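Quick notes on the structure that follows.
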Amino acid sequence: MKATARANTNIALIKYWGKRDETLFLPMNSSLSITLDKFYTTTTVQFCKDLPSDIFLLNGCLAGETDTLKISIFLDRFRKMVGENLKAIVTSINKVPTAAGLASSASGFAALAAAAAKALRLNLDKQELSVLARQGSGSASRSIYGGFVEWQKGIKEDGTDSFAKPILSEQEWPLSVLSVLVESDQKIISSREGMKRTVETSPFYPGWLDTVDQDLTIAKEAIKLRNFEMLGKIVEANALKMHATMFGATPPIIYWKSGTLEVMQRIQKLRLEGIQVYFTIDAGPNVKVLCLPEDEQRVYETLTILPGVQHVFVCHPGSGIIYFPDTRESKC
Ligand code: FM0
């Protein structure tokens, strides 16, 4: 009753922003991401007899009540599927530095879903895993797969048609993704809260919904054609549009810092200098930069010396979930 899985984190190119169902984590719009190779979560789940409650160890430390409760609620879905109420020891190692400005919830819940399902011998396919991972954190639905991934929003009320599917493997288009750290403080408003407030109060949100499907169609076409300029333009526009919806919220949400603008402006200047380079920004101040591998060094060197930049992490498309062979079953 023990299994270990690893999932990489992902960065959205066309963003998931807004839920139509908060309990089931059903999105208002479909989204598209690249799974990255550098940042991941490895999780072991062991279901044990006679364990009074779930135990969650994160990076070697016993997690607090709130985080453990989130894990327990998530595992309840798996326990229900097998009709058993065994509690579990969950051991996670997070190689997603919060300082990298990348969310760990995507890799975290994807790895947990995969390990829990395998530990219970549920024999789920990736689609089913994606549906389950989604219910821990929406973006986790995409981390099941490697490379370029689309999360189809689905239309059913029960969420069974809201899952991710792969569109291009990590080997098929080796782009460079630079994660540019401008601020390492924890964000004040979570994505969850930010998207909720935007849906409820922003007069610009309908504009987002009116156009995001078209953005996705253009991005998918660009990927099919391996047209980097076409992809970069729509990715950048989509991120700016998402942030514009937040500027219109009440109270407004501004995740950007001065370093964020410094990086954005330097990227625009690099384009004038003839380099194909584009940015995207999630619900935080850090910037993710897309470029072609042959320009990676030049872009890295340009951004790393900016006064507002603390660190630049160089990433590439990475794999979907992987499983590790069962180690010795420890008694519990
Ligand atoms: O990843 O409330 O998945 O598509 O990163 O846990 O479902 O943390 F830029 C924002 C991710 C939001 C876009 O939200 O929210 C994206 C974002 P949850 P997530």
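The values are calculated or read from the model by the stated rules, or taken from the named source; none is laboratory data. The structure presented is a predicted model; accordingly, all values stated were derived computationally and were not measured. Neighbour counts run over all protein chains shown; Cβ positions are idealised from the backbone, glycine included.
Scanning region 142-158 for residues that are within 13 Å of the ligand (Cβ to nearest atom) and among the hydrophobic types (A, V, I, L, M, F, W, C) turns up 149, 151. Among residues that are at pLDDT 95 or above and surrounded by fewer than 15 Cβ atoms within 10 Å (Cβ to Cβ), residue 279 is not included.
Scanning region 1-52 for residues that are closer than 18 Å to residue 243 by Cβ, among the polar types (S, T, N, Q) and not in a strand (DSSP E or B) returns a single hit, 29. Of all residues in region 180-233, those that are under 19 Å from residue 287 (Cβ atoms) and without any contact (Cβ under 8 Å) to a residue 24 or more places away in the chain total 2.
With respect to residue 164, is the statement that it is within 16 Å of the ligand (Cβ to nearest atom), touching an Asp or Glu at 6+ places or on another chain (Cβ under 7 Å), more than 30 Å from residue 307 (Cα to Cα) and among the hydrophobic types (A, V, I, L, M, F, W, C) true? Can you show your working first?
On the way: within 16 Å of the ligand (Cβ to nearest atom): yes; touching an Asp or Glu at 6+ places or on another chain (Cβ under 7 Å): yes; more than 30 Å from residue 307 (Cα to Cα): yes; among the hydrophobic types (A, V, I, L, M, F, W, C): yes.
For residue 164, the condition - within 16 Å of the ligand (Cβ to nearest atom), touching an Asp or Glu at 6+ places or on another chain (Cβ under 7 Å), more than 30 Å from residue 307 (Cα to Cα) and among the hydrophobic types (A, V, I, L, M, F, W, C) - is met.
Within region 6-55, restricting attention to residues that are touching a helix residue (DSSP H, G or I) at 6+ places or on another chain (Cβ under 7 Å) and of a type in the set (Lys, Arg), the residue that is farthest from the ligand (Cβ to nearest atom) is 6. Residue 65 falls short on exactly one of the conditions (1) within 30 Å of residue 309 (Cβ to Cβ); (2) without any contact (Cβ under 8 Å) to a residue 12 or more places away in the chain, and that condition is (1).
The residues of region 93-119 that are modelled with pLDDT of 95 or more, away from the ligand (no atom under 16 Å from the Cβ) and either within 21 Å of the chain's Cα centre (by Cα) or not in a helix (DSSP H, G or I) (or both), listed by number, are 93, 114, 115, 116, 117. Scanning region 1-44 for residues that are more than 11 Å from the chain's Cα centre (by Cα) and more than 18 Å from residue 134 (Cα to Cα) yields 1, 2, 3, 4, 37, 38, 44.
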